[in-house]
Amino acid sequence: MNTVDLINKKQAGGELTTGEIQYLIDGYTYSKIPDYQIAALLMAIYFQGMTHRETIDLVRIMVESGKTAHHNQSPFVKVDKHSTGGVGDKVSLLVAPIAASQGVPVPMISGRGLGHTGGTLDKLESIPGFSTRLSLRAFEIQVAEIGCALIGQTDEIVPADQKMYALRDVTATVRSIPLITSSILSKKIAEGVDALLLDVKFGSGAVFQSLEGARQLAGNLVRIGTESGLEVRALLTDMSQPLGQAVGNWIEVRECLDIMTGKAAPDDLVKISLAQAAIMLILGKKAVDYDEGLKIARQAVESGAALNKFVEIAKCQQADTSYLENPDKYTAPAYQKDITADDDAYIANVDALTVGLAAVELGAGRRRKEDSIDYTAGIYLHKKRGDRVAKGDILATLYTSMEEINQPILSSVSDAFRFSKEPPASQPLIVSELSVEGEKHWNH
Ligand code: URA
């Protein structure tokens, strides 16, 4: 087979055969096909899409690029949750320990930051020593022993996604339904789960900004996930402003610690995290309905069980847990600057995309594949949609250790804040829930 012919075929809107997809993915995984050719192929898929059959093949071939985890010794339903990506989206760091602390095994393979959206792996690796690169065997043992392991793709587990994910990040090919579907589902199938909750975001900070685009993605994920043997539910959730108040890596871990220790509780973040934990508990057969799931999830946080589980996971993955017990010990960022309100007003919105891009500029994300992350970098939002501010109030604090914070970044974060004279209309955080049975309006 000839790679250029296959790129041409997809570019012209043709359907790749199973053998052709296998040739391309194996060739890339084993470095026989270079980055630049796969970048061209990804762009062709971005514009031409893939048929249902091609996407199913792509998911399977990506899973088979590595090994699959087996948790046969566990009689329980293994459940995971995955987000399509957002700004300040640290929900996985909360729901994994909540669900695992209540007896639901959570074998979680996550990703790094993609574009302006943050990644669970980068957030975890901001904890000194935390290793997200476990062997398959170590992953299986940890899930059996403590009910949860939080890892990334490796040369052993979905290596095809490891390479393609990083390449898509820097070639503007993230926003593609078949590529997102195959990336997410290949990881979830390889990790050995039985059931999956997907948080599919819409709004400026989401990969698909329109609700309709997100709905199509959610429908595709539910359909292909179900056909691949998983019980799948998906929530459509708002990402027009960042979740919680912290955007970055360590700053987000810290926000989760504050919630798990009862020190602070940003409404939107707590609400969406408890809702997702409740659904994971239902999927894991530990709650009979949403109200019971919510009650158990809330108790797991309030009793300290979620925090203890998070520390236990971190310890097993070689983290220096003294930073979790005493977060003030963390190296302070070298530079920080505030932006303030020019007038008295209500905050109408804080644009998630603008904040996400500014966080990347500060060093919290990557602009090129080989960029390293400044874990101290980020943005803390003191005010969010609906808050009343007075002239001079601090709206946000920017942090970095890379270089003095310049005026263009300060201006861009200022521009993320939209003001109104009247309180803005409230917007639902969770719009609906999808499953094989269809879409249901969210009324909890
Ligand atoms: N999360 C993933 O794992 N892959 C994507 O492509 C997008 C979000």
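The values are calculated or read from the model by the stated rules, or taken from the named source; none is laboratory data. Here the structure is a predicted model, which is why all the values come from computation and not from measurement. Virtual Cβ from ideal backbone geometry, glycine too; neighbours counted across all protein chains shown.
Whether a residue is of a type in the set (Gly, Ala, Ser), at pLDDT 95 or above, within 16 Å of the ligand (Cβ to nearest atom) and more than 28 Å from TYR30 (Cβ to Cβ) was assessed, and GLY66 does not pass this test.
Please list, ordered by residue number, the helices (runs of 4 or more DSSP H) wholly in region 231-333 having 3 or more residues that are buried (at least 19 other Cβ atoms within 10 Å of the Cβ). Give the derivation first.
On the way: elements: 250-260, 267-283, 290-302, 305-316, 322-325.
The qualifying helices (runs of 4 or more DSSP H) are 250-260, 267-283, 290-302, 305-316.
Among the residues making up region 228-243, a single one is small (Gly, Ala, Ser) and closer than 22 Å to GLY378 by Cβ: SER240.
GLY192 - would you say it is assigned to a loop (DSSP other than H, G, I, E, B), touching a residue at least 60 places away in the same chain (Cβ under 8 Å) and on the phi > 0 side of the Ramachandran plot? Answer is yes for this residue. Checking the structure you have, find out if any residue of region 354-373 is modelled with pLDDT of 95 or more, under 16 Å from ALA246 (Cα atoms) and of a type in the set (Ser, Thr, Tyr). Yes, that holds for at least one residue.
Does any residue of region 134-150 turn out to be within 16 Å of the ligand (Cβ to nearest atom) and in contact with an Asp or Glu (Cβ under 6 Å, 6 or more places away or on another chain)? There is no residue in region 134-150 that is within 16 Å of the ligand (Cβ to nearest atom) and in contact with an Asp or Glu (Cβ under 6 Å, 6 or more places away or on another chain).
Entry remark, region 154-208: residues being more than 9 Å from the ligand (Cβ to nearest atom), farther than 27 Å from PRO105 by Cα and in contact with a Ser or Thr (Cβ under 6 Å, 6 or more places away or on another chain) number 3 in total. Between LEU211, LEU217, the distinction of being at pLDDT 95 or above, within 15 Å of the ligand (Cβ to nearest atom) and either touching a helix residue (DSSP H, G or I) at 6+ places or on another chain (Cβ under 6 Å) or more than 29 Å from GLY363 (Cα to Cα) (or both) belongs to LEU217 only.
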